[in-house]
1. Given an 8 Å cut-off on Cα distances and at least 6 residues of separation, report the relative contact order of the chain as a percent.
2. Mind giving me the FRET efficiency for ASP264 and ALA244? R0 is 30 Å, r the Cβ-Cβ distance, nearest 0.05 is fine.
3. Could you work out how far apart the two model spin labels at HIS221 and ARG236 are, taking each label as a point 7 Å from the Cα in the direction of the beta carbon, and quote it in nm?
4. Would you compute, from DSSP H runs of 4+ residues alone, the mean residue ellipticity of the chain at 222 nm, taking -39500 (n - 2.57) per run and dividing by the full residue count, rounded to the nearest 500?
5. Taking 0.36 nm per residue of separation and subtracting the Cα-Cα distance, what length does fully extending THR145 through ARG102 add?
6. Quick one, could you list the DSSP H helices from the chain stretching 27 Å or more along their long axis (Cα atoms) with average Kyte-Doolittle hydropathy of -1.0 or above?
7. By how many nm would the segment from ALA181 to LEU289 lengthen if fully extended, with 0.36 nm per residue of separation less the alpha-carbon distance?
8. Could you compute the FRET efficiency for GLN9 and LEU303, with r as their C-beta to C-beta distance and R0 at 56 Å, rounded to 0.05?
Amino acid sequence: MAAALYDPQDGYYARPAGQVGKAGDFITSVSVGPLFGRLLARHIAAWHQKTGTPERWRIIETGANDSSLAGDIITALERLSADAGLEYVIIEPLPRLAQDQRKRMPGVAVLDSAAALESDPLPTFVLGNEVIDALLFHVIESDGTGWLELGVVVDENGFFAWQPLGPAAPELVGKLPVMPAGYRTEIRSGVREFLQPLAAAMTGGRMLWIDYGFPRDDYYHESRTTGTLRTFSRHRAGEDPLDAPGEIDITAHVDFTGLADDIDAVGGQVIRFEPQGRFITNVARSWLLEMEGRTDDTAKKELRAFQTLTHPGHLGSRFHVMEAEF
């Protein structure tokens, strides 16, 4: 998975940005238009004001892709007169994407790691939209008495194939119940290491993670026998990540119980876990009041975007928001 997604030359995400959007392989809330970023900016501005509007403060974005969200947030903060002292940072370890982001957003710092910020920590708002689902995960399968970890080999015909590597590490599966033989699922082990340098760059603040997933009891429910591993290409979902590695997105849902545990381990406290629809609706209250009575084409377009972001039949229930305070 690391090679297929993140190899600097041939990985899926190492290519020039273009995977996201109607012309790409999948859409995100950012694809709906700038309203998503503008509403997030209102939420960030409210937090900034609550902290006493420090003279220097930071937004750290992970998984910025083509940096559209960064542009939408910065523009909205400027219009709200809430950008004084802001340092916007994108964390991007892939050189080609980082180069493109620097060209598109010359006023934004693009770093390959948040570790570079640990010597100058600031009040910080960290955010990532559909980032945790793309972090590396292990594929495991029950043999009826315990868990085996699956690896990838080349079979006798020269094709990639799954093969048991042996018992999964106890520290990886210790919290999971034993399932019937053949039950296959996924588990992430590196989320805490991903969060740690972000937390170390903060002198207090928030983390906001938006993604699809379930609490642990639902994620590892006995009826979910084939897990949540999915691939995406040209808006078509598949289940075989070995089919065209490097050419397709590989993802799995987020175990939000595990994410909460990892946030706690790096010094945060979860203050919000709710569907995106509820979160966006609450954030948008003042914006909705401003929209009352407007019937112009721009207003109609923005209200349609709002409905897409919040309606349970669209993105409102598909994604969840987990926010933590540090």
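1. Working: 611 pairs, mean separation 61.4, N = 326.
Answer for the chain is 19 percent.
2. On the way: r = 38 Å, r/R0 = 1.27.
After rounding, the FRET efficiency stands at 0.20.
3. Placing both labels 7 Å along Cα→Cβ, they lie 2.9 nm apart.
4. Details: 11 runs with 100 residues, N = 326.
Computed mean residue ellipticity for the chain: -8500 deg cm²/dmol.
5. Values: separation 43, 0.36 × 43 = 15.48 nm, distance 5.11 nm.
Here the segment from THR145 to ARG102 would lengthen by 10.4 nm.
6. Values: long enough: none.
Helix filter hits for the chain: none.
7. Details: separation 108, 0.36 × 108 = 38.88 nm, distance 5.47 nm.
Extra length from ALA181 to LEU289 when fully extended: 33.4 nm.
8. On the way: r = 44 Å, r/R0 = 0.78.
Calculated transfer efficiency: 0.80.
Every number here is computed from the coordinates shown, using simple stated rules; none is lab data. Since we're looking at a predicted model, the values are computed, not measured. Every residue, glycine among them, receives a Cβ derived from its backbone with ideal geometry; neighbour counts consider all protein chains shown.
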